Amino acid sequence: AKSWIMVQHFEGVPKPEDFKLIERELPPLKDGEVLLESDFLSVDPYMRPYSKTLLKDGDIMIGSQVARVIESKNPAFPVGGDYVGYAGWTTHFISDGKGLNALPSNWPDHVPKSLALGAVGMPGLTAYFGLLEICKPKEGDIVMVNSAAGAVGSLVGQIAKIKGCKVVGSAGTDDKLTFLKEIGFDEVFNYKTVSSLAEVLKKASPEGYDCFFDNVGGKFADAVLQQMKDFGRVAVCGAISIYNDSVPSTGPYIQPYILFKQLRMEGFLPARWDNQKAEGEKQLLEWVAEGKLKYHEHITNGFVNMPAGFMGMLRGENTGKAIIRI
Ligand code: NDP
């Protein structure tokens, strides 16, 4: 098996020398075990903050994959079966079956299996439950989502449109804005080139925002919170603008807005809805198969390029879900 290890904990922005490719011989299978080969691997923002707490120097990088059983000593996991695993950045791994999740049985042939790491996987469930359960959008609500052209954001905007909302999205390149318009966003802006976030937010929705799905945190979130309508709902999904900070950030200083606008602001992890996961996956797969939910994948080819794919995603090179194809 080839695997990528994290040589040392990241200081600031991850660098190529923080990663090392190793090769290991895997032991023969014991009864009850299976050998899997990764076809697609996921690179996600959470790997940056979670590496701090979950990994020691020299550990294999954390992460999930869509992998195929290539040898089996467990009748419940036959050769050829596709599963989502959480074995980290590795081409092959041995499993006793625990933690392997079969792709939904009604997976249509024309839907790429890599979507089990994207629109029909963790990012899809994050968008689905985070928007519907935390933001609780009603028809006619105005929804703001940042990092809108990414894996989660692009789905949040489309689900909000399915629910009859007006959707405003931001992203870091003009090509991403074009993509957002194509998938149905009503108003879009490039947060890197606007002179004032407050002004552009006001212009996009003069009456303010009912829902804010925050993928970015930091100053961006502060700006949106000031534009919320009374009783607005804020889903704190991510804080990518501060994951690379070496010095912990302070703030926010917007408590008066939360108070006087009587906002509800709540962080969440999709695992909270594990008991409804099958229902979420079924709905997402249905929307994808019907073409109601458009997906875009940013594919990096070759396991050898996995760190580059990860660092590129953190820099904003991806439109849609960042995936590594072996
Ligand atoms: P994306 O596909 O959105 O990729 C990350 C994107 O973040 C980049 O493409 C870039 O786009 C944007 N970005 C990078 N730096 C900044 C910055 N300083 N300010 C604003 N945008 C920035 O990733 P995901 O969709 O997988 O994740 C989006 C967010 O959701 C992350 O914060 C992630 O941690 C969070 N998340 C949370 C989960 C949960 O359980 N709560 C689960 C999954 C994701 P651009 O060109 O627009 O800058």
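Quick notes on this structure:
Residues are listed down the side, and each one gets a yes or a no for (1) surrounded by 13 or more Cβ atoms within 10 Å (Cβ to Cβ); (2) away from the ligand (no atom under 11 Å from the Cβ); (3) not aromatic (Phe, Trp, Tyr):
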site: Phe231; (1), (2), (3): no, yes, no
site: Cys237; (1), (2), (3): yes, no, yes
site: Tyr253; (1), (2), (3): no, yes, no
site: Leu259; (1), (2), (3): no, yes, yes
site: Asp274; (1), (2), (3): no, yes, yes
site: Glu281; (1), (2), (3): yes, yes, yes
site: Thr300; (1), (2), (3): yes, yes, yes
site: Ile323; (1), (2), (3): yes, no, yes
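- Residues that are among the polar types (S, T, N, Q) and either under 25 Å from the mean Cα position of the chain (by Cα) or surrounded by fewer than 16 Cβ atoms within 10 Å (Cβ to Cβ) (or both) within region 68-92 comprise Thr90, Thr91, listed in sequence order.
- Looking across region 241-251, just one residue is exposed (fewer than 15 other Cβ atoms within 10 Å of the Cβ) and touching a Leu at 6+ places or on another chain (Cβ under 9 Å), and that is Asn244.
- Count - residues of region 93-110 that are under 19 Å from the mean Cα position of the chain (by Cα) and in a loop (DSSP other than H, G, I, E, B): 1
- Tally of residues being in contact (Cβ under 8 Å) with a residue 60 or more places away in the chain and either more than 14 Å from the ligand (Cβ to nearest atom) or of a type in the set (A, V, I, L, M, F, W, C) (or both) across region 128-147: 12
- Selection status of Leu314, surrounded by 14 or more Cβ atoms within 10 Å (Cβ to Cβ), over 20 Å from Leu115 (Cβ atoms) and not acidic (Asp, Glu): yes
- Looking across region 1-21, just one residue is β-branched (Val, Ile, Thr) and under 18 Å from Ser64 (Cα atoms), and that is Ile5.
- Filter result (in a loop (DSSP other than H, G, I, E, B) and either at positive phi or more than 16 Å from the ligand (Cβ to nearest atom) (or both)) within region 203-217: Ser205, Pro206, Glu207, Gly208, Gly217
- Screening Pro14 on (1) over 14 Å from Leu314 (Cβ atoms); (2) touching a residue at least 24 places away in the same chain (Cβ under 8 Å) shows it passes everything except condition (1).
- When region 177-202 is filtered for residues that are in contact (Cβ under 8 Å) with a residue 12 or more places away in the chain, away from the ligand (no atom under 13 Å from the Cβ) and surrounded by fewer than 18 Cβ atoms within 10 Å (Cβ to Cβ), the ones remaining, listed by number, are Glu182, Gly184, Ala198, Lys202.
- With respect to (1) under 22 Å from Ala127 (Cα atoms); (2) surrounded by fewer than 18 Cβ atoms within 10 Å (Cβ to Cβ), the lone exception for Asp174 is condition (1).
Every read-out reported here was derived from the displayed coordinates using simple, explicitly stated rules and does not represent laboratory data. Bear in mind that the values here come from a model prediction, so they are computed numbers and not experimental data. Note: ideal-geometry Cβ built from the backbone for every residue, glycine included; neighbour counts use all protein chains shown.
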